[in-house]
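One structure is given below, encoded as structure tokens.
The values are calculated or read from the model by the stated rules, or taken from the named source; none is laboratory data. Nothing here was measured: the structure is a model prediction, and the numbers come from that model. Here the Cβ is made from the backbone with ideal geometry for all residues, glycine too, and neighbour counts use every protein chain on show. Please note that ligands, DNA and RNA were not included when accessible areas were found on the heavy atoms of the full protein model with its side chains. Shrake-Rupley method; radii C 1.70, N 1.55, O 1.52, S 1.80 Å.
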Amino acid sequence: FLSALLLVGGSLGDQYGRRLIFNIGVVIFAIASAGCGLAANIEQLIIARSVQGIGGALLVPGSLALISSTFNEKERGKAIGTWSGFSAITTAIGPVLGGWLVEHWSWRAAFFLNLPLAVAVLVISVWKVPETKEKDHPGRLDWLGAALATIGLGGIVYGLIESPRLGFSNPFVLLTLIGGVVALAAFVFNEARTKNPMVPLNLFRSRDFSGANILTLFLYAALSGMFFFFTLNLIQIQGYSATAAGAALLPFVALMFALSRWSGGLIDRFGARLPLTIGPTIAAIGFVLFALPSISGNYWTSFFPAVVVLGLGMAISVAPLTTTVMSSVGEEQAGVASGINNAVSRTAGLLAIAVFGVVMLHAFSQRLVTRMNDVQVDEQLRHSIYEQRVKLAALEVPANADAGTREQIKTVVADSFVFGFRVIMFTAAGLALASGASSWFFIRKSGLAKAKKKGN
């Protein structure tokens, strides 16, 4: 819902007021968070999480659109850099505080935490944030486009997630995948023909806008896949607590915060192309470094260098990327541009976790079969292990196995997960390099000439 409806959120902000829609999104998100915390079963939790996604779709594009419409072009880069920095702070605090609450209190507390934060945000928004909206908005929203995007993304992701368990030949998996592709094709057709499209395709005539969104798709797919499987690696394989796993990425976030305002100014000195080529390339090196550690290594000598290098690469990339997106369109389309770019980043993460999940399962299973040949167990026990491979590192060793065999199997499972994790990290590195290449080929070399004229 968040990925599919971000574009609607941007359009609603342009039409009715960005601050108004932002605040409505905060209220919906807060109410849904309370619903998550009070959920009595998994079905209620999933429904509440879906409503959270709808609230997030209203508030996420509004925050960036408000900044873009409030600051002039000269100040916009540093303002967006500051926004990125404070976003990084909350990104750091969230997993650590959430992990501590889960460990020492309850998972429900991680949702209830959103309530006081929402109240604070609403007070600050009403008190300090000016209202902005598009004066000549056409007045009609593309609800058909929103429905097609939701069905398309939902179908593809659901089919990919279920494919490891049911197989790609399963009729239900095939139906959801094909239905998702058809719905997304219909979405593009609808956007090209409707008078008031949710995604104005003419925006992609801008090389900067197209290049920035291609970069976003590749880079954020890599980043989302890393975050997801790195957390599993730390907790299930390396033995970290939930709090420690959240804290492991603090250096990444610290770099994002410390350098975001500086990187926001890079676009004024060098243009967008150079930082958006160098940043993803450094990030690719970071992903490769994540693939090097094995099991039970010291954090400072194993994952810390990778976290730092990735953080540096992303710090160089994020603010210039966001500034390029917002500067490549007119102020009247700021909400739509923000919505599109946010939707691309969220969709990249959504698809990456689903696709990387299939890749991980294949690599894990392949390694598991090879390594289990070295373990002396009966065929019934071996078959029981293979049948659980979809659980990855959460695979349960049968209780009837002796202690020595159990330890051997646990070692094999851990080694198989690390093997799959390395495949994911090398794939992420390739995506990061592709994102840097897309910047070099698509984004114009602007800004450097101005800097030379000023004698910088």
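For the residues PHE252, PHE218, PHE270, PHE227, the requirement of being more than 23 Å from ILE353 (Cβ to Cβ) and either open to solvent by less than 20 Å² (accessible area, probe 1.4 Å) or not polar (S, T, N, Q) (or both) singles out PHE270.
Scanning segment 163-176 for residues being assigned to a helix (DSSP H, G or I) and open to solvent by 30 Å² or more (accessible area, probe 1.4 Å) gives a total of 7.
If the condition is being open to solvent by less than 90 Å² (accessible area, probe 1.4 Å), modelled with pLDDT of 85 or more and either more than 20 Å from the chain's Cα centre (by Cα) or aromatic (Phe, Trp, Tyr) (or both), then segment 430-446 contributes only ALA437.
In this structure, ARG261 does not satisfy being more than 22 Å from the chain's Cα centre (by Cα) and at pLDDT below 75.
Scanning segment 117-141 for residues that are farther than 30 Å from ALA352 by Cα, part of a helix (DSSP H, G or I) and open to solvent by 80 Å² or more (accessible area, probe 1.4 Å) yields VAL119, VAL123, ILE124, VAL126, TRP127, LYS128. The set of residues in segment 358-391 being within 16 Å of PHE227 (Cβ to Cβ) and either modelled with pLDDT under 85 or open to solvent by less than 20 Å² (accessible area, probe 1.4 Å) (or both) consists of MET360 alone.
Quick check, is ARG207 charged (D, E, K, R), more than 30 Å from ALA337 (Cβ to Cβ) and open to solvent by 30 Å² or more (accessible area, probe 1.4 Å)? No, not satisfied. Test LEU166 against the criterion of being in contact (Cβ under 8 Å) with a residue 40 or more places away in the chain and under 30 Å from HIS362 (Cα atoms), and give yes or no. Against the criterion (in contact (Cβ under 8 Å) with a residue 40 or more places away in the chain and under 30 Å from HIS362 (Cα atoms)), LEU166 does not qualify. Within segment 228-253, being of a type outside the set (Val, Ile, Thr) and free of Cβ contacts under 8 Å to residues at least 12 places away in the same chain holds for one residue alone: TYR240.
One residue alone among LEU160, LEU153, LEU101, LEU144 is open to solvent by 30 Å² or more (accessible area, probe 1.4 Å) and assigned to a helix (DSSP H, G or I), and that residue is LEU144.
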